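Encoded as structure tokens, the structure appears first; notes follow it.
The values are calculated or read from the model by the stated rules, or taken from the named source; none is laboratory data. Here the structure is a predicted model, which means the values were calculated and not measured. Here the Cβ positions follow ideal geometry from the backbone for every residue, glycine too, while neighbour counts run over all protein chains shown. Note: areas computed on protein heavy atoms with side chains; ligands, DNA, RNA excluded. Shrake-Rupley method; radii C 1.70, N 1.55, O 1.52, S 1.80 Å.
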Amino acid sequence: MDHSEVPVLQALEDFRNRGDVVYGPPGHKQGRGVDPRVLDVLGADLFRADVLMLNGLDDRRLSHCVLERAEELMADAVHAEHAFFSTCGSSLSVKTAMITVAGPGEKLLVSRNTHKSVVAALIISGIHPVWVHPRFDAERHLAHPPEPENVRRALEEHPDAKGMLLITPTDWGTCADIRGVAQVMHERDLPLIVDEAWGAHLPFHDQLPAWGMDADADLVVTSVHKMGAAVEQSSVFHLQGARIPPTVLKQREDLLGTTSSSSLVYASLDGWRRQMVERGQALLDSAIRRAERIRKEIAALPDLALLDEEVVGPGKAADLDPLRITADVRRLGITGMQAAEWMRTACRVDVGASDTLRVNAQITHADDDATERLLTDAFRRLAVAASTLRPRPTVELPPPRTLELEQAVPPRVAFFADAEQIPASEAVGRIAAEMASPYPPGVPVIAPGEVIGREAIDYLRSGARAGMLVPDAADPTMETIRVMVR
């Protein structure tokens, strides 16, 4: 295929050159009606590019196949048979993927170190999860993706499962053995969905971890806005093989997706694909070398421990994305949340994620010498300033296995059941009727339908007192929690 083509961008340029005036949405009419004070912040070109596909970039019948051609080019670029653009982010795309493989009351194997959007999909769809628990690194208090043998055992116990959803890479950069898990699933002719939201860049450089399509996954969901160069909410479905029919996927996407798709998302996806095919290897090569330099700088600082290749191996992670830089700050005597807040306030550096133990910064092809110096200087200053930060309350980190809670009833049943708000101290042994997901990264400690354990409650309560955000809980302080009425 000719990857110099950019069908959506070209259609947008043609639209402008024709001088079309749209008498339908969006109501701002390419910025004519936007408050000048808004234009001063957002810019006029943003609104000039905000055009619907139907009766805008394409005609009433979509006969120019603008979007279809852009998706064909994307599929070719990442070695997939089909690609479909989504403008609702991977939080919605993963819901679509799940209901494409399983229906209400049916079982789906799901990595338990999953994002809250996956639990939301279980609640909405009525799918019954079979949790495949991650490999816990007790020393680092870190969950790595499950291994193929974990998946095999889950299938032996639940042979009626319809497929699996695997999450990789994690927010901290650790990766699963996708090929090994795919082999286990395909032995039973079952599909593997990979939530590869953090992996859109992986197809474009041979020194990066395995890309789902190259590792035999059936359906891969990516968030191009995370590690690529598309605007927020840019998501793509990638599909291959016969286990998941593309027509079924499209129908499920039509059920959940918006009918007012953003041309801003489509155009930025289109342009990013061209950029990566033409220059991705060189751009990512530069980013990898830059990340190596940053790692060396941080590793030389006192009391900072980098997540490195030591986490790769049997019983750990299958691989590590070198562009995800995770630093453990425990020996500085502070939490990762404190480190993130101090770096933002003192250095104007916003890290990507933080929790009680660590902070994470991502390096992409967009970084340059200036951003490299800014990040390393921020860590250098943090190492000096940490001793001046006021201590936060201690977070009671639980033994890893105590977070493997029993799923007593399906998430949908628990979420919509009669519930009561009770003191968290009285909730041990009760069935949760809500999610409690420290954010970021947004992995639920407690999901609806799980039996609440003492260690989970103590972790959430102490974490909230230390500054942990639990935005989806009815009571973000975690002093009370919603449970099913007995």
Selection within segment 111-127 - buried (at least 24 other Cβ atoms within 10 Å of the Cβ) and over 17 Å from the mean Cα position of the chain (by Cα): I127
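Matching residues to (1) part of a loop (DSSP other than H, G, I, E, B); (2) small (G, A, S); (3) touching a Lys or Arg at 6+ places or on another chain (Cβ under 9 Å):
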| residue | (1), (2), (3) |
| --- | --- |
| Q281 | no, no, no |
| L284 | no, no, no |
| A287 | no, yes, no |
| R293 | no, no, no |
| I298 | no, no, yes |
| L301 | yes, no, yes |
| P322 | yes, no, yes |
| A327 | no, yes, yes |
Where V231 falls short, out of the listed (1) open to solvent by 30 Å² or more (accessible area, probe 1.4 Å); (2) under 19 Å from L323 (Cβ atoms); (3) aliphatic (A, V, I, L, M); (4) without any contact (Cβ under 8 Å) to a residue 40 or more places away in the chain: (2)
F237, sole failed condition from (1) open to solvent by less than 10 Å² (accessible area, probe 1.4 Å); (2) assigned to a helix (DSSP H, G or I): (2)
Residue list for segment 433-447, restricted to those being in contact with a helix residue (DSSP H, G or I) (Cβ under 9 Å, 6 or more places away or on another chain) and crowded, with 18+ Cβ neighbours inside 10 Å: A433, E434, M435, A436, S437, P438, G442, V443, P444, V445, I446, A447
Is it the case, given these coordinates, that R295 is in contact (Cβ under 8 Å) with a residue 12 or more places away in the chain and more than 22 Å from the chain's Cα centre (by Cα)? yes
If we scan segment 358-375, do we find a residue that is of a type in the set (S, T, Y) and in contact with a Ser or Thr (Cβ under 9 Å, 6 or more places away or on another chain)? no
Check I244 against each of (1) of a type in the set (V, I, T); (2) more than 15 Å from R273 (Cα to Cα); (3) part of a loop (DSSP other than H, G, I, E, B); (4) open to solvent by 10 Å² or more (accessible area, probe 1.4 Å) and name the one condition it does not meet. (4)
Can you work out which of the residues in segment 315-347 that are touching a residue at least 12 places away in the same chain (Cβ under 8 Å) and more than 24 Å from the chain's Cα centre (by Cα) is nearest to T371 (Cα to Cα)? C347
Keeping to segment 348-377, report how many residues are in contact (Cβ under 8 Å) with a residue 40 or more places away in the chain and assigned to a loop (DSSP other than H, G, I, E, B). 9
Would you confirm, using the coordinates I've provided, whether P169 is part of a loop (DSSP other than H, G, I, E, B), surrounded by 24 or more Cβ atoms within 10 Å (Cβ to Cβ) and either modelled with pLDDT of 95 or more or of a type in the set (V, I, T) (or both)? yes
Test A210 against the stated conditions and say whether it is in contact (Cβ under 8 Å) with a residue 24 or more places away in the chain, surrounded by fewer than 24 Cβ atoms within 10 Å (Cβ to Cβ) and outside any helix (DSSP H, G or I). yes
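Starting from residues that are of a type in the set (A, V, I, L, M, F, W, C) and farther than 14 Å from S437 by Cβ, keep the ones in segment 471-486 and report whichever is most open to solvent (accessible area, probe 1.4 Å). Outline the logic, then answer.
Step one: filter segment 471-486 for residues of a type in the set (A, V, I, L, M, F, W, C), giving 473-474, 478, 481, 483-485.
Still in the running and farther than 14 Å from S437 by Cβ: 483-485.
Numbers: V483: 0, M484: 36, V485: 73 Å².
The residue in question is V485.
Please go through segment 141-166 and pick out each residue that is in a loop (DSSP other than H, G, I, E, B) and buried (at least 20 other Cβ atoms within 10 Å of the Cβ). Spell out the reasoning first.
To start, the set of residues in segment 141-166 that are in a loop (DSSP other than H, G, I, E, B) comprises 141, 145-147, 158-163.
Scanning segment 141-166 gives P145, P146, E147, A161, G163.
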Among the residues of segment 424-442, is there at least one that is outside any loop (DSSP other than H, G, I, E, B), more than 30 Å from R293 (Cα to Cα) and without any contact (Cβ under 8 Å) to a residue 40 or more places away in the chain? yes
Does at least one position in segment 333-342 carry a residue that is closer than 29 Å to A466 by Cα, open to solvent by 30 Å² or more (accessible area, probe 1.4 Å) and of a type in the set (A, V, I, L, M, F, W, C)? yes
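Evaluate segment 223-234: report whether one residue or more is in contact with a Pro (Cβ under 9 Å, 6 or more places away or on another chain) and part of a loop (DSSP other than H, G, I, E, B).
No, the conditions are met nowhere in segment 223-234.
If you take the residues of segment 448-462 that are open to solvent by less than 20 Å² (accessible area, probe 1.4 Å) and touching a Pro at 6+ places or on another chain (Cβ under 6 Å), which of them is nearest to P393 (Cα to Cα)? Before you say what the answer is, go through the steps one by one.
Within segment 448-462, the subset open to solvent by less than 20 Å² (accessible area, probe 1.4 Å) is 448-450, 452-453, 456-457, 460, 462.
Filter once more, so that each one left must be touching a Pro at 6+ places or on another chain (Cβ under 6 Å): 448-449.
Working: P448: 28, G449: 30 Å.
Applying the filter and picking the extreme gives P448.
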Anything in segment 333-368 that is among the acidic types (D, E), farther than 25 Å from R289 by Cα and either modelled with pLDDT of 95 or more or in contact with a His (Cβ under 6 Å, 6 or more places away or on another chain) (or both)? List them, or say none. E341
Filtering helices (runs of 4 or more DSSP H) wholly in segment 1-110 for at least 1 residues that are open to solvent by 30 Å² or more (accessible area, probe 1.4 Å), basic (K, R) and closer than 30 Å to E156 by Cβ gives 89-101
I'd like to know if segment 4-22 contains one or more residues that are of a type in the set (S, T, Y), under 33 Å from the mean Cα position of the chain (by Cα) and more than 23 Å from V220 (Cα to Cα). yes
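Mind counting the residues in segment 378-414 that are touching a residue at least 12 places away in the same chain (Cβ under 8 Å), in a helix (DSSP H, G or I) and either aliphatic (A, V, I, L, M) or open to solvent by 60 Å² or more (accessible area, probe 1.4 Å) (or both)? Before you say what the answer is, go through the steps one by one.
Pass one, segment 378-414, residues touching a residue at least 12 places away in the same chain (Cβ under 8 Å): 378-383, 385-387, 389, 391-414.
Still in the running and in a helix (DSSP H, G or I): 378-383, 385-387, 400-403, 411-414.
Pick out the ones that are also either aliphatic (A, V, I, L, M) or open to solvent by 60 Å² or more (accessible area, probe 1.4 Å) (or both) and you get 378, 380-383, 385-387, 401, 403, 412-414.
Qualifying residue count, segment 378-414: 13.
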Looking at V220, V184, V194, can you tell me which residue is in a helix (DSSP H, G or I) and open to solvent by less than 10 Å² (accessible area, probe 1.4 Å)? V184
